[in-house]
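Taking it in order: structure first as structure tokens, then the write-up.
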Amino acid sequence: MTWTQDELVAIGEAEELEISPQRADGSFLKPVTVWVVRHDDDLYVRSYKGEGGRWFRAARERGEGHVSAGGVSKDVGFVLEGDSTVNDGIDLAYRMKYRDQDTAYVDPMVAGPAKETTIRLVPRQAATR
């Protein structure tokens, strides 16, 4: 499954995204607000706290969850992004999209611990809830 152009635009232009990783029992963690960026035809998030972020640990462990932003609400898979070339593009996307934000927040998102938590959001069929 892929994102529609309308979904890419709506989520990509949203200032923030609500992310809820799924627990092993099928329930979802309380939504956490994160920054989201679009790079090409994909959407990415990072954990400001690096691997210490609770939502990130749950996302990595279970690999599935739910996101909402820009009027779009979607079940997703979480794919860790390890390609350094793609990550460089994601860094630029963060710097461009959030250029009006305090650099005390932006700089950590494109460095060290946060960069190592880059997750590509992949739409999936809605689970029966």
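The values are calculated or read from the model by the stated rules, or taken from the named source; none is laboratory data. All figures in this text were calculated on a predicted structure; none of them were measured in a lab. No Cβ is skipped: glycine too gets one built from the backbone with ideal geometry, and neighbour counts run over all protein chains shown.
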Helices (runs of 4 or more DSSP H) completely within the range 73-129 that count 1 or more residues being without any contact (Cβ under 8 Å) to a residue 60 or more places away in the chain and surrounded by 12 or more Cβ atoms within 10 Å (Cβ to Cβ): 84-97, 103-109
Single residue of the range 1-54 satisfying the filter (out of contact with any strand residue (DSSP E or B) (no Cβ under 9 Å at 6 or more places or on another chain) and in a loop (DSSP other than H, G, I, E, B)) that is farthest from Asp91 (Cα to Cα): Asp25
Residue list for the range 7-35, filter: at pLDDT 95 or above, surrounded by fewer than 16 Cβ atoms within 10 Å (Cβ to Cβ) and farther than 21 Å from Asp107 by Cα: Val9, Ala10, Lys30
Over the range 36-53, the set of residues under 12 Å from Thr117 (Cβ atoms) and buried (at least 20 other Cβ atoms within 10 Å of the Cβ) is Tyr44, Val45, Arg46, Ser47
Just give me the residues in the range 14-33 being farther than 20 Å from Lys49 by Cβ and touching a Gly at 6+ places or on another chain (Cβ under 7 Å), in sequence order. Ala14
Considering every residue within the range 57-64, establish whether at least one is under 22 Å from Glu7 (Cα atoms) and either among the aromatic types (Phe, Trp, Tyr) or not in a helix (DSSP H, G or I) (or both). yes
Under the condition of being in contact with a helix residue (DSSP H, G or I) (Cβ under 9 Å, 6 or more places away or on another chain) and among the polar types (S, T, N, Q), which residue from the range 22-52 is nearest to Ile11 (Cα to Cα)? Ser47
